[in-house]
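The values are calculated or read from the model by the stated rules, or taken from the named source; none is laboratory data. Keep in mind that what you see is a predicted model, and the values were worked out from it rather than measured. No Cβ is skipped: glycine too gets one built from the backbone with ideal geometry, and neighbour counts run over all protein chains shown. Ligands, DNA and RNA are stripped out before the accessible areas are found, and what is left, the full protein with its side chains, is counted by its heavy atoms. Shrake-Rupley method; radii C 1.70, N 1.55, O 1.52, S 1.80 Å.
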Amino acid sequence: MKKGMPEGPSVRKFHHLVCPFVGQQVVKTGGSSKKLNPASFQSLWLQDTQVHGKKLFLRFDPDEETRSPGNNPLPKPLQKGERKEGAGDQKQTLGPDIQKVSDQSSQSPELVYSGDNGSECLGGGSPAGVAERWLQIRFGLFGSIWVNEFSRAKKANKRGDWRDPIPRLVLHFGGGGFLAFYNCQLSWSSSPLIKPTSDILSEKFHRGQALEALGQAQPVCYTLLDQRYFSGVGNIIKNEALYRAGIHPQSLGSLLSPQQLEILVDHVVEFSADWLHGKFQGRQQHTQIYQKDQCPAGHRVMREAFGPPGGFQRLTWWCPQCQPRLSPDELEQGQLS
């Protein structure tokens, strides 16, 4: 079964997997990326990594630097052949229909490595100067990071070929390990675009700001996916939080009571945190409504694509019995009772 895009908990796990490589030098590169020349990373040092919502930021520098003493000690890098995460977690973070990925990889250029002789190859938008040192990674619908191993085809593509997906970027480090980036968008930036007050998994998440956004006169399922206020929320978190709060996806936030909005934000944060904790424990996240035919109460689940006019439409699952869509009059009566 297909899964949705990597959401906040998945990207936080990616961040954790990358952390052991901080302080190491890139000694060999490869990948099919055309926007960024993989060879431009040759001999650079990975000096920092930050995460915000669905984005991961990696800082590369031409020279080795001493990490600031306030940083926490980093975990030991995974050994070659050690899997990046549990099978259930792979299913979520990889996400794509394997046949689709195989089709795409068969059309990609062959994986070519630059030399590992330590020479510096700075082409294709590299941070040779100090202006652009941060690599911004957007994982889109199916992006993932693999550590010390490559993704493998699980079945043949439409032409009957067994072709492994081609990574966009591969970075081998002096410590012996490597990172492989799949199906993600890569771009250089001068600094990480981080706004922790909107990150649902940040200690600085601003509930007041989120509640104010939810109270607008638009369907709450639109607002929950607005990364300006709920950075890290994707389709899975959206569906699960709405079901647990008993709120219809198309309910206008302006018609919901402050208590209902508070409960909805609670479920967004709690489900996201539990999902993240499960990833570190090797536990697959259980969903109650997302991609289900029946809700836990045994009711038939409805499915429809919702999204703002002219905007991106996302499939939404809800239970008409557990999440009734109330009229303004019914809502007012309920709030007065």
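Structure notes:
- Checking every one of the GluC sites (Glu not before Pro) in segment 176-243 against DSSP loop status and a limit of 12 other Cβ atoms within 10 Å picks out E203.
- Mean accessible surface per residue for segment 198-337, computed with a 1.4 Å probe while every protein chain stays in place, in Å²: 50 Å²
- Per residue, segment 8-56 exposes 26 Å² of solvent-accessible protein surface, assessed with a 1.4 angstrom probe and all protein chains in place.
- Cross-link check: pairs K13/K35; K28/K55; K54/K204; K155/K279 evaluated at a Cα-Cα cut-off of 22 Å; pairs beyond the cut-off: K13/K35; K28/K55; K155/K279.
- Nonlocal amide H pairs with G175, under 5 Å, H built at 1.01 Å: Q25
- The 3J(HN,Hα) values that the Karplus relation (6.51, -1.76, 1.60; θ = phi - 60°) gives for segment 55-62 are, in residue order, 10, 10, 10, 10, 9, 10, 10, x Hz. Gly and Pro appear as x.
- Among the listed pairs K34/K158; K34/K195; K34/K238, those with a Cα-Cα distance over 31 Å are K34/K238.
- Taking 0.36 nm per residue of separation and subtracting the current Cα-Cα distance, fully stretching the chain between H286 and S191 would add 30.6 nm.
- Built amide H within the under 5 Å cut-off of T49, gap 5+: R59
- Cα-projected label distance for R228 with H206, points at 7 Å along beta-carbon direction, nm: 1.2 nm
- Pairs of C-alpha atoms in segment 194-303 farther apart than 18 Å represent 48 percent of all such pairs.
- The H on the amide N of G31, modeled in the peptide plane, is under 5 Å from the matching H of V112, V170, each at least 5 residues off or on a different chain.
- Whole-percent carbon and sulfur share, accessible surface of segment 255-328, 1.4 Å: 52 percent
- Under Karplus coefficients 6.51, -1.76 and 1.60, residue-wise ³J(HN,Hα) of segment 283-289 in Hz, glycine/proline x: 9, 6, 5, 8, 10, 9, 10
- Phi-derived couplings, Karplus 6.51 cos²θ - 1.76 cosθ + 1.60 at θ = phi - 60°, listed residue by residue for segment 293-308: 8, 10, 7, x, 7, x, 7, 6, 8, 9, 9, 7, 7, 10, x, x Hz, with x used for Gly and Pro.
- Hydrodynamic radius by Kirkwood, which averages 1/r over all alpha carbon pairs of segment 135-235, in angstrom: 16.7 Å
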